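Input: a single structure, listed below in C-alpha cells.
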Amino acid sequence: DQQVKQNSPSLSVQEGRISILNCDYTNSMFDYFLWYKKYPAEGPTFLISISSIKDKNEDGRFTVFLNKSAKHLSLHIVPSQPGDSAVYFCAAVAGGGATNKLIFGTGTLLAVQP
Amino acid sequence: DTGVSQDPRHKITKRGQNVTFRCDPISEHNRLYWYRQTLGQGPEFLTYFQNEAQLEKSRLLSDRFSAERPKGSFSTLEIQRTEQGDSAMYLCASSLGERTGHEKLFFGSGTQLSVL
C-alpha cells in the first residue's frame, strides 16, 4: 500500500524554466512533508519541508505547496538549472508527531536540459 | 564537514554469508535510522534508535536482520544468511532528536549490497 505516490517517474525541462514535481498521499495523519534530492551513488539530501499548518514554504529557488484537502503537494524549482538534474523524493512523517519515521514516494527523475 | 558516514560503500557477498555494515552519525545527533532502497523505489524504513534504545522496527526487518547502537554513537546492521532479495542500498540517517515528528534526516551515502 503506497501511502506516498509520485506518479511521474521522470520529467524533462529546459534550463531557466520552471520544474514542477508532484506528490500525492493517502494518509490523513501525515502532518510534515519533506523533499529530498538524490544523485547517483549518494544518499538523499534534504531540500525543503512543510508543516501541515502551512500551505506554502519557500527557500530560494525552491517552493513547496501543500493542498491538504486534495492530499497533494508539489515542489517548484525556478529557474531550473542543469545541476538540479537528480531524483527527487517526496516524504511524509507517519504517526501525527509521535515518530520521525519518513515514508517516501518512489521518486521523480528530473532532467534539466541546457 | 562531518556528515553521516557509512562503511563499506560497496559489499559483494555470496548467498548464505553474513554481512555487517557500520554507520557513524553526525556527532550531536541522538537519533539514528536505517533505510533500504531498491531500484526504482524510494527508501523504506527499517529501524530507528533514540540514543542506544531501538524504538521501532519495520516488518521488513526479518529475524535475519539485527541492528545495534551499543553506546548511542555508531550503529551496525547485520544481515545473517544473506539472500539475493537482500541486494539493495542500505542507507543510514541521523537527526538531532529535539522535536519528534518535525525533523529532517541527514543521510549517509549508503552501502550497496550485492548478493550473488
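Could you please give the count of residues in the stretch A:69-101 that are more than 16 Å from A:Lys5 (Cβ to Cβ), in a loop (DSSP other than H, G, I, E, B) and away from every other protein chain (no Cβ under 14 Å)?
Total satisfying the criteria: 6.
Taking the stretch B:12-37, which residues are of a type in the set (A, V, I, L, M) and away from every other protein chain (no Cβ under 14 Å)?
Hits for the stretch B:12-37 are B:Ile12, B:Val19.
Can you tell me which residues in the stretch A:102-114 are part of a loop (DSSP other than H, G, I, E, B) and either surrounded by fewer than 23 Cβ atoms within 10 Å (Cβ to Cβ) or away from chain B (no Cβ under 13 Å) (or both)?
Within the stretch A:102-114, A:Thr106, A:Pro114 qualify.
Which number in (1) in a loop (DSSP other than H, G, I, E, B); (2) within 9 Å of another protein chain (Cβ to nearest Cβ); (3) closer than 21 Å to A:Tyr88 by Cα; (4) in contact with a strand residue (DSSP E or B) (Cβ under 9 Å, 6 or more places away or on another chain) marks the one condition that B:Gly40 misses?
Every listed condition holds for B:Gly40 apart from (4).
Of these, A:Pro79, A:Pro9, A:Pro44, which one is surrounded by fewer than 16 Cβ atoms within 10 Å (Cβ to Cβ) and within 26 Å of B:Ser109 (Cβ to Cβ)?
Testing whether each residue is surrounded by fewer than 16 Cβ atoms within 10 Å (Cβ to Cβ) and within 26 Å of B:Ser109 (Cβ to Cβ) leaves just A:Pro9.
For residues that are surrounded by fewer than 16 Cβ atoms within 10 Å (Cβ to Cβ) and either free of Cβ contacts under 8 Å to residues at least 12 places away in the same chain or in a strand (DSSP E or B) (or both), tally how many sit in the stretch B:16-37.
The number of residues fulfilling the criteria is 2.
Are any residues in the stretch A:32-44 touching a Phe, Trp or Tyr at 6+ places or on another chain (Cβ under 7 Å) and either at the interface with chain B (Cβ under 7 Å from one of its Cβ atoms) or part of a loop (DSSP other than H, G, I, E, B) (or both), and if so, which ones?
Residues satisfying the conditions are A:Leu34, A:Gly43, A:Pro44.
Restricted to the stretch B:76-98, and to residues that are part of a loop (DSSP other than H, G, I, E, B) and in contact with a Gly (Cβ under 9 Å, 6 or more places away or on another chain), which residue is surrounded by the fewest Cβ atoms within 10 Å (Cβ to Cβ)?
Here the answer is B:Arg81.
If I ask for residues that are of a type in the set (D, E, K, R) and either under 15 Å from B:Ser114 (Cα atoms) or at pLDDT below 95 (or both), which ones from the stretch B:1-43 would you list?
B:Asp1, B:Asp7, B:Arg9, B:Lys11, B:Lys14, B:Arg15, B:Glu28, B:Arg31, B:Arg36
Check whether at least one residue in the stretch B:46-69 is touching a residue at least 60 places away in the same chain (Cβ under 8 Å), crowded, with 20+ Cβ neighbours inside 10 Å and part of a loop (DSSP other than H, G, I, E, B), and report yes or no.
No, there is no match, as no residue in the stretch B:46-69 is touching a residue at least 60 places away in the same chain (Cβ under 8 Å), crowded, with 20+ Cβ neighbours inside 10 Å and part of a loop (DSSP other than H, G, I, E, B).
Could you tell me which of the residues A:Ile53, A:Ile18 is exposed (fewer than 15 other Cβ atoms within 10 Å of the Cβ), in contact with a His (Cβ under 8 Å, 6 or more places away or on another chain) and on the phi < 0 side of the Ramachandran plot?
A:Ile18 is the lone residue from the list that is exposed (fewer than 15 other Cβ atoms within 10 Å of the Cβ), in contact with a His (Cβ under 8 Å, 6 or more places away or on another chain) and on the phi < 0 side of the Ramachandran plot.
Scanning the stretch B:43-81 for residues that are basic (Lys, Arg) and in contact with a Lys or Arg (Cβ under 7 Å, 6 or more places away or on another chain), which turns out farthest from the other protein chains (Cβ to nearest Cβ)?
Here the residue is B:Arg81.
Would the stretch B:7-22 turn up any residue that is within 23 Å of A:Ser51 (Cβ to Cβ) and more than 14 Å from the chain's Cα centre (by Cα)?
The answer is no; no qualifying residue exists.
How many residues does the stretch B:82-93 contain that are within 14 Å of another protein chain (Cβ to nearest Cβ) and either closer than 26 Å to B:Lys14 by Cα or over 10 Å from the mean Cα position of the chain (by Cα) (or both)?
Residues that pass the stated criteria total 5.
The values are calculated or read from the model by the stated rules, or taken from the named source; none is laboratory data. Note that the coordinates shown come from a computational prediction; the quantities given were computed from them, not determined experimentally. Backbone-built Cβ (ideal geometry, glycine too); neighbour counts: all protein chains shown.
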